[in-house]
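The values are calculated or read from the model by the stated rules, or taken from the named source; none is laboratory data. Note that the coordinates shown come from a computational prediction; the quantities given were computed from them, not determined experimentally. All Cβ positions, even for glycine, are placed from backbone atoms using ideal geometry, and neighbour counts span all protein chains on display. For the accessible areas, the whole protein counts, side chains as well, though only heavy atoms, and no ligand, DNA or RNA atoms are used. Shrake-Rupley method; radii C 1.70, N 1.55, O 1.52, S 1.80 Å.
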Amino acid sequence: MTETSGMRAHRVYVPRDSAALALGADRVAAAVAAEAAKRGIAVDIVRNGSRGLFWLEPLVEVQTPRGRIGYSNVQASQVAALFDSGWPASAALDGEDREREMSPLDPDGSWEAPMPACVGRVDAIPYLAKQQRLTFARIGVTDPLSPADYEAHGGLAGLRACLALDAEAACQTVLDSGLRGRGGAAFPAGIKWRTVCRAEASQKYVVCNADEGDSGTFADRLIMESDPFVLIEGMVIAALSVGASEGIVYVRSEYPHAIAMLEAAIEIARREGWLGTDVLGSGRSCELRVAKAAGAYICGEETALLESLEGKRGVVRAKPPIPALSGLFGKPTLINNVITLASVPYIFAHGAQAYREFGMGRSQGTLPVQLAGNIRRGGLVELAFGVTLRTLLDEFGGGTASGRPAKAIQVGGPLGAYLPSAQWDLPMDYEAYAAVGAVVGHGGVVVHDDTADMAGLASYAMEFCALESCGKCTPCRIGSTRGVEVIERIRRGDTSTRQVTLLHDLCDTMVSGSLCAMGGMTPFPVRSALEHFPADFGLPDGAGRAEAA
């Protein structure tokens, strides 16, 4: 913070999440502070989280009577020119006629421009204004480590509502909301909660799976770095609802900023009385801690995660018993993903029915879609289930970054199916996607243009599985290795029915025989690439389908 005595400080927001930091946000904040001090201008610099509009980062905002006015792609070298223009006092005037969507490809928003582009009121940018932000309502808006800011924007309302309920009623609230696991499996969260709640044990645990390893995903990271208190509140609600006294956030080691933010937020929450032996004066106890993962993709699977937490090698456990009855150290354990737990405060604050008003069919609420890959406007989009890939690509993503036609979109991480344009009008819904052999997963959307080699991508999926498999079951460990070999034979020209049939049989074995989703889902990208893009394998139309083989 930089202030000058007797002057009202201008509030300037400079994001501090990983994406903005990678693009020089720390240098921008330092330059703003230094330039303001040199000119005797009072500024209050708030290091907020990212709004999730990554193509505009670093997105610097100024608080004005008309709202927060944004400046896109700000570089430290441009800050002096900004101040020369009368900034930050001029921000309100800058925003009057600039309420439109910007892209770094626009001439006045390019990286080489002497002045950053003003994008007008940030909350009026169509990319943001068209969203339905429930879980992500505060990201980029509040100071991530300000408890007062959190409460001023609706924080703790859910926890207070939970404290007024008994455990059964709290679990029923989650069940009634229709919330399903956002980690990929889409299992009804309320059933998990009720199972742990009814289990008899002297000790229970809540574990948050923050081992976000899918390609093109960053929703968990955004929550942890931009609104960590909502995850803490969700975990406390979960713990009190199922009778657990300890919660652990298992975070991938590749997220150092998220780990640091969570640890700082937990200390603040403890100081504020949101954690400890007397949660909000209720006389009830809950403690949280952060555990750093070692970087294994397989530890995103809940039982391998538990093995890791117990200090063992991350290997998948056979089920039963299920973790809800015998999990961490053999005790009943509730395991949910970051977004699942971060959705809980809204449900308790506004009611199960309010959450059910969003979505379709059995897919209730909202999903944070993460747009990545060859896309012009990458970022986070939170919308109700039912949105289509075509809407996401065209209305939000702005088409491909290369300007070439999009060819395939992979949804659900590195083991998700590749969807051709004929399937881009399907509603994003768990059941609708399952009907065509696809998965919604964690909401990662990776776009490929018409230069993509789908046979090469299919081979990569098998190779990825071979490298990341825990090795416990044969279909995954051996099947993925043989899969790479068969795909490479086809790519080298052996397009005989024998090879295609062998590949499909191998996929069937992996789906039916693998212990977990690592081996069970690896065939999804392979089969979808074969079926929808046979030419990339050197096959005629229709020859890649299982029935044709």
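Scanning region 170-201 for residues that are among the small types (Gly, Ala, Ser) and open to solvent by 40 Å² or more (accessible area, probe 1.4 Å) returns Gly183, Ala185, Ala201. Looking at Arg289, Arg317, which one is touching a helix residue (DSSP H, G or I) at 6+ places or on another chain (Cβ under 6 Å), open to solvent by 40 Å² or more (accessible area, probe 1.4 Å) and of a type outside the set (A, V, I, L, M)? It is Arg317.
Among the residues of region 65-87, the ones that are of a type in the set (D, E, K, R) and open to solvent by less than 10 Å² (accessible area, probe 1.4 Å) come to 0 in all. Counting only helices (runs of 4 or more DSSP H) wholly contained in region 456-548, the ones carrying 1 or more residues that are in contact with a Phe, Trp or Tyr (Cβ under 9 Å, 6 or more places away or on another chain), modelled with pLDDT under 90 and buried (at least 20 other Cβ atoms within 10 Å of the Cβ) occupy 517-521. Every listed requirement among (1) in contact with a Phe, Trp or Tyr (Cβ under 8 Å, 6 or more places away or on another chain); (2) under 30 Å from Leu467 (Cα atoms); (3) in contact (Cβ under 8 Å) with a residue 40 or more places away in the chain; (4) not hydroxyl-bearing (Ser, Thr, Tyr) is met by Ile409 save one, (3).
A residue that is among the aliphatic types (A, V, I, L, M) and on the phi > 0 side of the Ramachandran plot occurs somewhere in region 277-290. Do we find that Gly140 is crowded, with 22+ Cβ neighbours inside 10 Å, of a type outside the set (Lys, Arg) and on the phi > 0 side of the Ramachandran plot in this structure? Criteria met by Gly140. For Asp44, the test of being farther than 26 Å from Ile139 by Cα, of a type in the set (Asp, Glu) and open to solvent by 10 Å² or more (accessible area, probe 1.4 Å) is failed.
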